[in-house]
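Take a look at the structure below.
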Amino acid sequence: MTDPHLDPHHDARLSALISDAVSGIEPSEGLSAISSRTRNHQETSMSTQRSWLYAVAGAAAGVAAVAAMVVVVSQLNDDSSTPVAGSGSSQTSDPTQGTSSPTDEPTDKTPSSEPTGQPIESAVPVYYAGDGGSGTVLFREFQPGIGGDPVSQAAYAAVAGPAHDPDYRTLWPAGTEATASYDGDVITVDLTGPDVSALHDRPAGMTKQDAGLAIQQVVFSVQGAAQKRAGVQFLLDGQRTDQVLGEPASEPLANASISATLSQMNITQPEEGMTVSGGTLKATGVANTFEATFQWEIRQGDQVVLNDFGMADGCCEVDKLFPWTVSIDVSSLDPGTYTFVATNDDPSGGEGNPPASDSKTFVIE
């Protein structure tokens, strides 16, 4: 990737840190300081949301580590209204009673560390469904922001896909599209598609849990792009609706429980398809794992070529994720394609559900 207009790498650290801050994972250094070290660039504008998606797909192969070099410390906002674990259901109550109230603040009160409510422009956080140990959960990945409103881009990418990681998917019916806007109070998401009426009721074959998770895909994505845990008001073809996918949606929705909805292991770096040079792989992510311990492996095909364990910055608190970083000497590995796998510790010794895990393919030059 040589065109700075299409390459989010210059501001990706800032975007990832801001997204972590609004997700409750607070930056360890001031956002203003990070911003001053990133290179400003003029974003390329595109005429439609569909054009943006095609541009992302074309640029994806050349994007290296959209959220590279993220350094975070954790402090998730407390949840005061948690859904039943595993339900993934949306909340119809006042968004301030959701899992992360818009009035909640990170522990570090310095202005440079607080979410500003200004949309992320260079790298957009998007949440997709993936397989977890106990069922379907949501994983976050960063996609390059290419012109237009990043909140709208996040909404469109969440419903239409595709994810960069082939293990992730959108739960929305094929053909669904979305635009979104944020007025500083409520995020409005307008859903359209070949048959808008089909988005009102839950489609045949879609479970109630998947319907709730589909809605939460959009909620977490647009909140991350807007940098605020604002309520999300859904529209169908520009009109207010009593429900979406069979789930109540007449009022702004809050984000659901982090513990019940998001994967408890999520790799940020390496990004899918990233090229590694220099002999060191720096892997980062977030997790909530027993005694803060997780195992990592590097595989080539079915063969494990390197493995060890890592430590997150904390553990064992409900609705919190904790950052982790491992630096791995890969100088002994031949050039080729490998898979990095991170898996939470399993205190049951295999007697319970499989532990949360995530994986990314990368290339050593």
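The values are calculated or read from the model by the stated rules, or taken from the named source; none is laboratory data. Keep in mind the model is a prediction, meaning the values are calculated, not measured. Neighbour counts are summed over all protein chains in view; Cβ atoms, including those assigned to glycine, are modelled from backbone coordinates with ideal geometry.
Quick one: which of S359, S331 is surrounded by fewer than 16 Cβ atoms within 10 Å (Cβ to Cβ) and either in a strand (DSSP E or B) or modelled with pLDDT of 95 or more (or both)? S331 is the lone residue from the list that is surrounded by fewer than 16 Cβ atoms within 10 Å (Cβ to Cβ) and either in a strand (DSSP E or B) or modelled with pLDDT of 95 or more (or both).
Quick one: is F294 in contact with an Asp or Glu (Cβ under 7 Å, 6 or more places away or on another chain), surrounded by 17 or more Cβ atoms within 10 Å (Cβ to Cβ) and part of a strand (DSSP E or B)? So F294 fits the description; yes. The single residue among A287, A254 that is at negative phi and in the same structural domain as F142 (by TED's automatic domain parsing) turns out to be A254. Take the conditions more than 21 Å from E365 (Cβ to Cβ), at pLDDT 95 or above and not small (G, A, S) and apply them to F340. Does it pass? Here the answer is no, as F340 does not meet what is asked. Going through (1) surrounded by fewer than 23 Cβ atoms within 10 Å (Cβ to Cβ); (2) touching a Cys at 6+ places or on another chain (Cβ under 7 Å) one by one, N288 falls short only on (1). A single member of G336, G301 is outside the structural domain of G224 (by TED's automatic domain parsing) and without any contact (Cβ under 8 Å) to a residue 24 or more places away in the chain, and it is G301. For segment 297-313, filtered to residues that are at negative phi and not in a strand (DSSP E or B), the residue that is surrounded by the fewest Cβ atoms within 10 Å (Cβ to Cβ) is D302. Of all the numbered requirements in (1) at pLDDT below 95; (2) touching an Asp or Glu at 6+ places or on another chain (Cβ under 9 Å); (3) not charged (D, E, K, R), Q227 misses one, and that requirement is (2). Screening segment 270-288 for residues that are of a type in the set (S, T, Y) and at pLDDT 95 or above and picking the one that is nearest to T343 (Cα to Cα) gives T284. Within segment 248-298, the set of residues being charged (D, E, K, R), in contact with a Ser or Thr (Cβ under 7 Å, 6 or more places away or on another chain) and under 25 Å from P162 (Cα atoms) comprises just one member, E272. Looking across segment 153-172, the residues that are touching an Asp or Glu at 6+ places or on another chain (Cβ under 9 Å) and farther than 22 Å from S357 by Cβ come down to A155, Y156, V159, A160.
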